[in-house]
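The values are calculated or read from the model by the stated rules, or taken from the named source; none is laboratory data. Given the structure is predicted, the values throughout are model-derived calculations rather than measurements. Glycine gets a Cβ as well: all are built from the backbone with ideal geometry, and neighbour counts include every protein chain shown. Surface accessibility is based on the protein's heavy atoms, side chains included, excluding ligands, DNA and RNA. Shrake-Rupley method; radii C 1.70, N 1.55, O 1.52, S 1.80 Å.
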Amino acid sequence: MLWVAIIGLVMTAVAVTVAGRRVLFLYRLATSGQPAPERIAYARENVGAEIRAQLVEVFGQKKLLKWTPSGTAHFFVMWAFFILATVYLEAYGALIQGAVTGKPDFHIPLVGTWAVLGFLQDFIAVAALIGLIAFAAIRIARSPKKLGRESRFSGSHLGGAWLVLFMIFNVIWTMFLFRGAAVNTGNFPYKSGAFASDLVAKILPTSEALENVGLLLHIGVMLVFLVIVVNSKHLHIFTAPMNVLFSRRPDGLGAAQEMRSNGKVLDFEEADPDVDVFGRGKIEDTTWKGFLDFYTCTECGRCQSQCPAWNTDKPLSPKMLILDQRDHAFKVAPYLMMSEEQRAHQGEDVLALLEKPLVGEDGVIHPDVLWSCTNCGACVEQCPVDIEHIDHILDMRRYQVMIESSFPSEAGVMLKNLENKGNPWGMSEMKRAEWIEELDFEVPLIDEKMPEDVEYLFWVGCAGALEDRAKKTTKAVAELLHIAGVKFGVLGPMEACTGDPARRLGMEFLFNMLAQQNIETLNEAGVKKIVATCPHCFNTLANEYPQLGGHYEVVHHTQLLSHLVEEGRLTPITPIEEKITYHDPCFLGRHNKVYSQPRDIMAKVPGVQTQEMHRCKDRGFCCGAGGARMWMEERIGKRINTERVEEALTTDPDTVSTACPFCLVMLGDAINEKKNSGLAKESVEVVDVAQLLIKSVKGV
Ligand code: SF4
Ligand code: SF4
């Protein structure tokens, strides 16, 4: 029928024009930001990894399926979008064929009459319908009205989400109306397989008019949906594959992103504050990848639900951090895209909006939000569309620290100490080797070249060398390596902080200084293999020093020790009859995926009975020290270490084990508080797994 085709094609032209204008606007807004050529270069050079990521994350929905009920529902709804595209192909085919021949009995060439395709289309539509019911049930059960801050949807645009569920529902029922009517008129391409369409046909009258109405409704709903999608959070339907394509591999964890200005890594010796961008002070300092993150957020709140800051009543929600920037970007978008001359003719209110700082008491992001982050990576790990929250946070911190000199004052002491003494406590570098005197064997100090027979450089770290509790781990590791016959040496006073706390605070300049100094020392000594006890040092040495030309084979002590146990070079023989719960350090677990080795070590110690905490491994809960938070006061909400220790105590442990000097201190402090208030057994201890191992190996 000609009139049906005319209506269908006019509707399509209008909707595509409206949606196209929006897409153009989004493209212009994103590209008005900073360039990010490294993202394109990486994707181009790693085609295999990118294809794998698309298959696993986009088509396989790997991250979403970790959240079983909602993940399964999303899996079916997402696949419905792909498979039901064939129904739309048939709908447009019928529209055209009906106009040309008068009989809309179109089928897709080659496969269009296969019962399998007909079945698949009906099956996925029914599965998506069930998925919608599951989504609705989850949204009602986990509604912010009911659960308040505990709801992962708290802060999300709830009306928009319901509208989209309603639109998907409309797509499905109009599809069955169109197909059921086509069955009755004999225009349906499938003789069998399309079980649900055949069922619907039974309750519909035979009517060409009904078929035409069904066809136009089905197309119309899709077109309205298209316009809604490009104007809503459901934009992720189109942007999620792109965001996955351009995200860092294997993920946005591990190394902090290098500091770039105008697409190039910033060279501090040549940097010019008038020309270069130092982190992110205004929304236009965001790269197009940052804008793509804004467009892609589905507002699912998985990041928020895992964030230790949010879970201890701090104002930081990683979801809202993205959404607040997105909302601001949309608000200023028309002006961002103006020429300087056009801007000059704007009123004061517009100029004020354009000048609104990204971070500040009256800014888009409150400073308390920015400084609450521990860089634990739980948000990045959980985000199903690969949004890189830590990159956003670090860029904003860089601007605050280096341009505004605005950061929690306590952290200033740490920066000064790093600059003057090479450690956060400001202690003399000569103290770095004092722990060696407490051992009954020699540890070579590497002052120039690594001797031929020394295999590993033991990177002790500031805490490991200077903090009393962490020193116990250092000595245990040294003893274990000695017993296993591993030749190692240390830098002693030649070692300086890796720069991790400076970098995570946003003081990239100081990080560069310390890193270059250490890399020079390591390269001059000819170091090839490093073992580190601190996950922050481990992460920096392994993942960040290559950015500055330092390439080493770096292992964490739990990796090396578990290997030595496996090889039989260390034999835990003395039973330790204790119930132990292990706390995953974020920079060892989530940032570097070392989950099994610390557990393997404990499993080899006779008598140890391990008990996992509810939040463990990739969903482990931070101790509160990362992201330079170790050096800041925790004034808002509940202390993160208290929350973690309370969780540990629910397992009724004799010992809490970990594998990080900072976790050791944070959890130790919280346990002591609990002991003082009578809420924990006096005997509960916090120890490193190396301490457990040496106890069993030596029998002391
Ligand atoms: S890194 Fe951790 S603390 Fe920071 S926003 Fe993400 S989940 Fe929250
Ligand atoms: S950032 Fe990712 S995890 Fe967080 S709400 Fe958005 S899509 Fe969900």
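Taking the protein heavy atoms of the chain in the context of the full set of protein chains, the accessible area attributed to carbon and sulfur is 59 percent at 1.4 Å.
Could you tell me which of rounded, prolate or oblate describes region 652-700, using a ≥ b ≥ c as the square roots of the eigenvalues of the alpha-carbon gyration tensor, with rounded for a/c under 1.5 and, failing that, prolate when a/b is larger than b/c and oblate otherwise? Cα axes put region 652-700 in the oblate bin. Along the axis of the charge dipole computed for the chain (Cβ charges of +1 for Lys and Arg, -1 for Asp and Glu, origin at the Cα centre), the listed residues THR31, ALA125, PRO250 are led at the positive end by ALA125.
Under a 5 Å amide H cut-off, with hydrogens placed 1.01 Å from N, ILE365 pairs with VAL359, GLY360 among residues at least 5 apart or on other chains. Under the shape rule built on the C-alpha gyration tensor, where the axes satisfy a ≥ b ≥ c, region 19-60 is oblate, since a/c reaches at least 1.5 while a/b does not exceed b/c.
Taking every lysine pair in region 331-464 that is 8 or more places apart or spans two chains, those with Cα atoms closer than 24 Å amount to 5. Solvent-accessible surface of the chain, taken per residue with a 1.4 Å probe and all protein chains present: 42 Å².
Shown here for region 615-657: trypsin sites (Lys or Arg not before Pro) in loop regions (DSSP other than H, G, I, E, B) with at most 11 other Cβ atoms within 10 Å, namely ARG635. Whole-Å semi-axes of region 546-658's equivalent ellipsoid, largest first, each the root of 5 times a Cα gyration tensor eigenvalue? The equivalent ellipsoid of region 546-658 has semi-axes of 26, 23, 10 Å. Charging the Cβ of each Asp and Glu at -1 and of each Lys and Arg at +1, and nothing else, the dipole of the chain about its Cα centre rounds to 2660 debye. Dipole magnitude for region 418-561: computed about the Cα centre from +1 point charges on Lys and Arg Cβ and -1 point charges on Asp and Glu Cβ, it is near 440 debye. Quick one: Debye curve from the alpha-carbon atoms of region 433-583 only, equal weights, vacuum; give me log10 I(q)/I(0) at q = 0.14, 0.17 Å⁻¹ to two decimals. Normalising to I(0) and taking log10 leaves -0.69, -1.00. By the gyration tensor of its Cα atoms, with a ≥ b ≥ c the square roots of the eigenvalues, what is the shape of the chain: rounded for a/c under 1.5, prolate for a/b over b/c, or oblate? Since a/c reaches 1.5 and a/b is larger than b/c, the shape of the chain is classed as prolate. The angle separating the long axis of helix 318-336 from the principal Cα axis of greatest extent in the chain is about 60 degrees. For region 579-698, the number of Lys pairs separated by eight or more positions or lying on different chains, with C-alpha atoms closer than 23 Å, is 17.
Among the cysteines of the chain, CYS297, CYS300, CYS307, CYS373, CYS383, CYS462, CYS497, CYS616 have no other cysteine beta carbon within less than 4.7 Å of their own.
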